[in-house]
Amino acid sequence: MDESDEQLVQRVRHGEKQAFSVLVRRYEQPGLLVARSILHSWHDARDAVQDAFVQAFVQLRKLWSPHKFGAWFLTIVRQCALLHRRRQAGRARQLVPMDEESAQEAASDAVLSAEMATLIARLPEQECVVVSLRHLKELPVGEIARITGRPVGTVTKQLSRAYARMRPWLEGRR
């Protein structure tokens, strides 16, 4: 049986650093979805999530409710992504030849239609996160609730509101 977030956090706090790698595997994809919704780039999202994991590891002792690691970590991801975006705002991007990693990133982006990604990005942040986790990661509502630290009813309501918000946008594009 998988260990709970609380058990893993306690193990890390007691010096078992390898337990943190389980948390990394568990929250890397949800973190990428949150960061990507803010940064609109998988490459930048990976950088933000990496920064967030470092920050989470360093600040793990400050986490008062270890069972809420997922929600706490996604908050750190959001903060790192916003900081990353602010840092980029002043810099002009230069065009560089596409390397293999960039080509793979472009292929990954092609999985989602640009139009749907644009619609999801237009949603309020909380709705964007739950819709991304539900449809891009194909997670069940209960898992989304656990990851975000929200009750199942709240996640269900946010999904419903997001779908209602997206419906006119989709109908207007026909």
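The values are calculated or read from the model by the stated rules, or taken from the named source; none is laboratory data. Quick caveat: nothing in here was measured; it's all calculated off a predicted structure. Cβ placement follows ideal geometry from the backbone for every residue including glycine, while neighbour counts extend to all protein chains displayed.
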Report task. Inspect region 36-48 for any residue being part of a helix (DSSP H, G or I), in the same structural domain as residue 76 (by TED's automatic domain parsing) and in contact with a Cys (Cβ under 8 Å, 6 or more places away or on another chain) and give the result as yes or no. Result -> yes
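Of 173, 87, 122, which residue is closer than 28 Å to residue 24 by Cβ, at pLDDT below 85 and out of contact with any helix residue (DSSP H, G or I) (no Cβ under 6 Å at 6 or more places or on another chain)? Steps first, answer last, please.
Working: 173 fails: closer than 28 Å to residue 24 by Cβ; 122 fails: closer than 28 Å to residue 24 by Cβ.
Residue meeting the stated conditions: 87.
Restricting to region 54-83, and then to whatever is among the charged types (D, E, K, R) and under 23 Å from residue 125 (Cα atoms), can you tell me which residue is farthest from the chain's Cα centre (by Cα)? Walk me through how you get there before you give the answer.
Of all residues in region 54-83, those among the charged types (D, E, K, R) come to 61-62, 68, 78.
Remaining after also requiring under 23 Å from residue 125 (Cα atoms): 68, 78.
Numbers: 68: 15, 78: 8 Å.
Step by step, filter region 54-83, then rank; the result is 68.
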Residue count, region 8-25, condition surrounded by 14 or more Cβ atoms within 10 Å (Cβ to Cβ) and either free of Cβ contacts under 8 Å to residues at least 24 places away in the same chain or in contact with a Lys or Arg (Cβ under 6 Å, 6 or more places away or on another chain) (or both), comes to 3
Of those in region 17-42 that are within 12 Å of residue 60 (Cβ to Cβ) and not small (Gly, Ala, Ser), the residue modelled with the lowest pLDDT is 17
